[in-house]
4 protein chains.
Amino acid sequence: MPRRTRNRILHEALKIFSNKGIRETTIKDIARAVGITEGAIYRHFDSKEQIVKSLFLNSSQEFYTHLNSALSKAQNFEEALKNLSEAFLNYAFTNPEAFKFINLFHYFKIDYELRLKDGKMPKDVVYEFFKSHEEIGIQPEYATALFIGTLERIFLFYEMGFIDDIEEDIQEKAYRLLLNIFKSNKEGA
Amino acid sequence: MPRRTRNRILHEALKIFSNKGIRETTIKDIARAVGITEGAIYRHFDSKEQIVKSLFLNSSQEFYTHLNSALSKAQNFEEALKNLSEAFLNYAFTNPEAFKFINLFHYFKIDYELRLKDGKMPKDVVYEFFKSHEEIGIQPEYATALFIGTLERIFLFYEMGFIDDIEEDIQEKAYRLLLNIFKSNKEGA
Amino acid sequence: MPRRTRNRILHEALKIFSNKGIRETTIKDIARAVGITEGAIYRHFDSKEQIVKSLFLNSSQEFYTHLNSALSKAQNFEEALKNLSEAFLNYAFTNPEAFKFINLFHYFKIDYELRLKDGKMPKDVVYEFFKSHEEIGIQPEYATALFIGTLERIFLFYEMGFIDDIEEDIQEKAYRLLLNIFKSNKEGA
Amino acid sequence: MPRRTRNRILHEALKIFSNKGIRETTIKDIARAVGITEGAIYRHFDSKEQIVKSLFLNSSQEFYTHLNSALSKAQNFEEALKNLSEAFLNYAFTNPEAFKFINLFHYFKIDYELRLKDGKMPKDVVYEFFKSHEEIGIQPEYATALFIGTLERIFLFYEMGFIDDIEEDIQEKAYRLLLNIFKSNKEGA
DNA sequence: CATGAATGAGTATTCATTCAT
DNA sequence: GATGAATGAATACTCATTCAT
């Protein structure tokens, strides 16, 4: 429950953006959701684009940090995989709007400058992890694609009702699936 | 090089839609690309929405058929997996605009009626395939998420330059990756 | 049942104009009703305006002649009034589209040049009649307003269901009403 | 001279509508007349249709009230007829735009829901009046048609210069004309 | 800080008219 | 005579942004 108007704007904007899309969300929509008028938005942000950018940077940062801290707590490969996959889905389940919002940017080249200058994109956590475990015998780019693609699609299937397990089961099943894949590859190597 | 105006409209619209997004593409953009005036578009389509729908239905159908025919030519599980994964990436590489356009609809609830009435969505081919091979020990919904999510993400990584193999190598690597996963699961079972 | 295309165009245009209004009727509407294409209309008329003008001139002329010939058959004031009022309503009942179409022009200064050059407007028949019967003691302009206004409004009330007599009764009642008015004024004079 | 923008819009729109017709009046026309831009109109009204509806409801209500209060001040039939006919013409002379605008709706079925829910249409005042005086021997529907039709047409003839009396004289003559009609009928009965 | 009116540049869509076939 | 594709100007409406209060 953010108190300050600026945060309330970001909070509501994120919800509407992820539901309706960025372009189809108007400043008026956001203002109405926050309970202020259109003009007031411009006390806090210079433009709609700035709201979008703030949101993307915030969310990416948050997701990045979330993944990173989950990873850092792990003692071994198995635990790391567990922490990382659970953190990934946990973020998606807890912040579906932010999660979907971040993913919008893979399809729209809305603003490529948005990439954080020091490369702190969520996927980089995953990539670095697999890069430091080349012994599993999968090229880290492909491992990353497998990890992110699978989890993201599982989340989407969950959201559209195609997968109807409860969140905890999904996290458990997803972890086991990934573990099987990477363990067997590791052993097979 | 489609000759007829209607096809030229669809052709150009698809390209622009997949690059800029549907909402940010104007009728004027399309008209200019085709080399006619805005009004002329409306001799061929009643509305922008109709162009979007036509495109979605066409592309989905095409992709569905492409996957289906690849699958039907296979004699066994391994071959089926090979044909299916190659057909999937082949479609993405050959028709990147259509492929990206179809995927737009996972994020935007633009029009859920758009789903083909008899459920002939591309993902259903994959789902049915895994459903008839439950011996691999992976719940078909999760197997589908894994298959589609991984390949889609590989394609995206390729497009953004994060993966820089050539298309043939990607197809080969992707197939091997998937085969390893499903074979080992099959054997482990 | 006009055979020639030109007449069919006029025929259908009149119907649609009087129902939807001139501005809201498109060339396409007319073409569709006639069973030809838009371009073909322009083989017969230079513009939409020309169709409107032709229609107005034709209808006015027709109505004018209809009233005039009814009047000319009368032997005395009473008969003249009877013939004129019956002819007026008869025209409205038989050609409601044309009748309503003519009346559109009282409200819109769509094109004042449309008035027939030699003044052959339907109302002039009525006006001339009352002018030649000043003995009734009503200024002919007012008598004309009374005659036309009353009958037109009766027709409108009939059309909107506010008056629900059958057409014959309306003609009879209207005639008696007018006769009473003008006879008593005549006698009172 | 209304000060507030919303009222200025209604004021100017009424003038232009009654001159050019509703369909041929553009939002730009109205905006220009008010001295604002097109977009500004939409801060005050959701659509052109809403302007039309507001205007129709306002004008009808105003005219209805005008007639009703004139009628209620009368002590007897003669006075009532005098008050009603004078109020009718007075409204037309004073608010020619509103008067003509209201009458547009007899010819165009623009929106039949526009009729006030409790039936408070101007003509109803006249109708109720004649209904409570059936002793005059004229069916109230026909008396209403006579009253309204005659006065409306007199106004139109005045506007087009066909009747060139001054307004006061017209009111006087119209009243006498109607009085003669209804009095003689009353006596004749 | 906030309001709400206003701007101005779009945006999809309509439609009378033209013209090559 | 007729077709149907195309034009081009107009039209209602939208929306990010500005600004006086």
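The values are calculated or read from the model by the stated rules, or taken from the named source; none is laboratory data. Keep in mind it's a predicted model, so treat the numbers as computed, not measured. Every residue, glycine as well, gets a Cβ built from its backbone with ideal geometry; the counts of neighbours run over all protein chains shown.
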Report task. Of the conditions (1) away from DNA strand F (no atom under 11 Å from the Cβ); (2) without any contact (Cβ under 8 Å) to a residue 60 or more places away in the chain, D:ILE51 clears all except one; give me its number. Result -> (1)
Report summary line: Filter the range A:6-48 for residues that are surrounded by fewer than 14 Cβ atoms within 10 Å (Cβ to Cβ) and within 13 Å of another protein chain (Cβ to nearest Cβ); the one that is farthest from DNA strand E (Cβ to nearest atom) is A:THR26
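Each row is one residue, and each column tells you yes or no for (1) at pLDDT 90 or above; (2) more than 16 Å from DNA strand F (Cβ to nearest atom); (3) farther than 30 Å from C:ASP169 by Cβ; (4) aliphatic (A, V, I, L, M).
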| site | (1), (2), (3), (4) |
| --- | --- |
| C:GLU12 | yes, no, yes, no |
| C:ILE27 | yes, no, yes, yes |
| C:ALA40 | yes, no, yes, yes |
| C:HIS44 | yes, no, yes, no |
| C:THR94 | yes, yes, no, no |
Report summary line: By residue number, the members of the range B:50-66 that are surrounded by 13 or more Cβ atoms within 10 Å (Cβ to Cβ) and within 11 Å of DNA strand E (Cβ to nearest atom) are B:ILE51, B:VAL52
Requested in this report: Name the one entry in B:SER59, B:SER85, B:SER18, B:SER69 that is of a type in the set (Gly, Ala, Ser), in contact (Cβ under 8 Å) with a residue 60 or more places away in the chain and in the same structural domain as B:LEU151 (by TED's automatic domain parsing).
Outcome: B:SER85
Query raised in the report: Out of (1) more than 16 Å from DNA strand F (Cβ to nearest atom); (2) within 14 Å of chain A (Cβ to nearest Cβ); (3) small (Gly, Ala, Ser), the odd one out for D:ALA87 is which?
Result: (2)
Requested in this report: Residue by residue through the range B:40-94, note down the ones that are over 30 Å from B:THR26 (Cα atoms) and charged (D, E, K, R).
Outcome: B:LYS73, B:GLU78, B:GLU79, B:LYS82, B:GLU86
Requested in this report: Provide a single number: the residues in the range C:124-168 that are part of a helix (DSSP H, G or I), farther than 21 Å from D:ALA143 by Cβ and free of Cβ contacts under 8 Å to residues at least 24 places away in the same chain.
Outcome: 7
Query raised in the report: Out of curiosity, is A:LEU146 buried (at least 22 other Cβ atoms within 10 Å of the Cβ), aliphatic (A, V, I, L, M), under 18 Å from the mean Cα position of the chain (by Cα) and at the interface with another protein chain (Cβ under 7 Å from one of its Cβ atoms)?
Result: yes
Query - Residue tally, condition touching a residue at least 40 places away in the same chain (Cβ under 8 Å) and within 9 Å of DNA strand F (Cβ to nearest atom), over the range B:1-10 - result: 1
Requested in this report: Look at the range B:157-177 and say how many of its residues are aromatic (Phe, Trp, Tyr) and facing chain A (nearest Cβ under 8 Å).
Outcome: 2
